[in-house]
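A short write-up of the structure that comes next.
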Amino acid sequence: MEREKFSSKLGFMLAAIGSAVGLGNIWRFSYVAGENGGGAFLVLYLFCVFIIGVPLLLAEVSIGRKAQSDVIGSFSRLSPGTPWFMTGFFGVLSAFLILSFYGVVAGWCIYYLWNYISGGFFVEPAGGYAAEFGGFISHAWHPILWHALFIALTIVIVYSGVKKGIELANKIFMPTLALLLVGLAIYSLSLDGAWAGIEFLFTPDWSVLGDPSVFLAALGQAFFSLSLGMGAMLTYGSYLSKENKLPSATFGIGVMDTFFAIISGIVIFPAVFAFGIDPGSGPELVFITLPGIFGQMPFGEIIGFIFFFALTLAALSSSVSILEVPVAFFMRIFNWGRKKTSIILGFIMFVLGMAASLGMGIWAGVTPIGSNNIMDSMDFIASNILLPLGGLSMALFVGWYFNKSTAFEATDMQDNSIRDIWYGIVKYIGPIMILFIFLNAIGVIGW
């Protein structure tokens with residue numbers, strides 16, 4: 001079977017940007033930045049993205065393009081007879097776990113979007129948005145229906161193929177998302193008191209750097225935002241023709257990923273400060289705090305609709321790349337067709353997501369890891385164990401298994417003036433930084 005390809009370098013870049021730009025850029029970036037001091041965190045985040053994240057992104061994409069195979073097949077092809085293929089299993093397993101709970105949260109986004117379409121959130125619900133959100137996510141089957149809808153949309157795009165599904169969807173999603181967020185940012189800046197939010201985001205308070213956890217938060221957000229370690233970028237790279245040069249493509253992905261994160265901050269923080277809300281409100285910032293703010297804004301119903309529509313598009317563009325990781329692997333191993341594979345794997349992730357959803361309600365007493373509920377346990381295993389191990393293995397593979405000339409050839413860095421700097425980051429600095437994230441996550445460092 002002939003391997004599918006993106007139609008162009010732009011198609012690859014839009015798909016890769018879609019993978020990177022998801023709930024992590026809009027939802028997670030905003031509350032992590034809010035909890036870690038705003039401007040100083042942003043400076044550290046930018047440093048981590050461009051000095052560490054983009055070089056590692058280049059390394060991951062190069063593995064897929066060189067091997068022209070899935071996340072496990074790539075290592076088997078490039079290092080036959082060695083255990084390196086185990087690296088790919090970190091990605092496949094993390095994809096199953098991440099899309100399972102990610103689909104649940106994305107289903108919440110669609111539920112909120114529907115309420116702004118139907119008029120349910122035109123006025124504040126009885127008991128307030130906190131009570132509405134808590135009642136919804138703990139319901140036995142309501143959130144599962146929205147989760148099912150989101151997974152179904154993801155399956156449809158993936159089984160439509162690389163060009164007609166993934167690439168076409170992101171050619172629509174990414175420009176639309178950019179326009180929506182820029183429009184929301186302009187509106188947010190027009191609010192009285194908005195400038196305090198801009199100062200919070202762009203004026204560094206260097207005193208927060210006395211807390212080492214801020215460094216790790218910025219580094220972790222950079223890895224999370226760029227989708228490093230799971231194999232999504234490797235898989236997308238395998239659909240890229242070898243005549244397309246990688247350094248400019250991966251740098252462009254880093255730039256656009258950062259643009260979406262910053263513009264999301266410009267949407268959220270001016271509104272938060274304009275209405276006197278604590279910027280460190282945490283994960284509930286999007287689902288409880290912002291709807292309350294929208295209710296107080298002029299044209300708040302329209303703003304709420306646009307915001308949750310943008311959030312849903314961002315979630316969908318990322319979920320497609322997550323599902324594609326195991327789909328590409330299972331298609332090769334079992335010689336299944338794309339449609340069959342997408343439906344079967346999507347259904348398995350839906351069932352796993354049901355457990356995550358029920359863990360917010362009738363299964364709230366089920367705590368697989370410590371005091372964590374089912375969803376948080378899935379997140380912990382995937383984000384704090386599998387992704388760092390996957391990212392670490394990919395960096396070590398390019399930096400230590402490849403020799404220098406092979407690494408430069410795979411990444412199109414043969415004649416690049418900064419190739420030795422890139423190589424040093426991938427070989428030494430990147431693995432050390434990933435190891436810090438991993439050790440902190442499992443409590444060894446304890447920052």
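The numbers here are math on the coordinates, done by the rules we state, and not lab data. Note that the structure is a prediction, hence the values are computed from the model and not measured. Heads up, the Cβs are rebuilt from the backbone with ideal geometry, glycines too, and the neighbour counts pull from every protein chain shown.
The count of lysine pairs in the chain that are at least 8 places apart or cross chains, and whose C-alpha atoms lie under 18 Å apart, stands at 23. Please give the residues of the range 368-404, grouped as numeric ranges, whose backbone N is less than 19 Å from a label point set 7 Å along the Cα-to-Cβ vector of Val444. Correct set: 380-397.
With the Cα gyration tensor of the range 256-374 in hand, convert its eigenvalues to equivalent ellipsoid semi-axes via √(5λ) and list them largest first in whole Å.
35, 21, 13
If you model the range 9-441 as an ellipsoid using its alpha carbon gyration tensor, with each semi-axis the square root of five times an eigenvalue, the axes come out at 34, 25, 20 Å, biggest first. Does the range 384-433 classify as rounded, prolate or oblate by the C-alpha gyration tensor (a ≥ b ≥ c root eigenvalues; a/c under 1.5 gives rounded; else a/b over b/c gives prolate, otherwise oblate)? In terms of gyration-tensor shape, prolate. The slack between Phe122 and Trp363, meaning 0.36 nm per residue of separation minus the straight C-alpha distance, is 83.6 nm. Summary value for the chain: 34 percent relative contact order, contacts being C-alpha pairs under 8 angstrom separated by 6+ residues. A crude spin-label estimate for the pair Leu10 and Ile344, with each label 7 Å from Cα along the Cβ direction, gives 3.7 nm.
If you plug the beta carbon distance of Trp400 and Asn372 into 1/(1 + (r/R0)^6) with R0 = 51 Å, you get a FRET efficiency near 0.90.
Each other residue within a Cβ distance under 15 Å of Ile198 adds +1 if Lys or Arg and -1 if Asp or Glu, for a net charge of -3.
Rank by packing, highest mean first: peptides 183-194, 103-114, with packing defined as the count of other Cβ atoms within 10 Å averaged across residues.
The peptides rank, most packed first, as 103-114, 183-194.
Once the chain from Ile418 to Arg77 is taken as fully extended at 0.36 nm per residue, the excess over their C-alpha distance is 119.9 nm.
With K and R counted +1 and D and E -1, the other residues having a Cβ less than 15 Å from that of Ile425 yield a net charge of +1.
Quick one: which of 92-102, 121-131, 166-176 comes out on top by average Cβ neighbours within 10 Å, and what's the full order, highest first? Intermediate values should be presented prior to the final figure.
Details: 92-102: 24.9, 121-131: 14.0, 166-176: 19.7.
Highest to lowest by the protection proxy: 92-102, 166-176, 121-131.
Normalised by the number of residues in the range 385-447, what is the relative contact order in percent for Cα pairs under 8 Å and 6+ residues apart? Could you put the intermediate results ahead of the total?
On the way: 38 pairs, mean separation 29.7, N = 63.
Dividing the mean separation by the residue count of the range 385-447 yields 47 percent.
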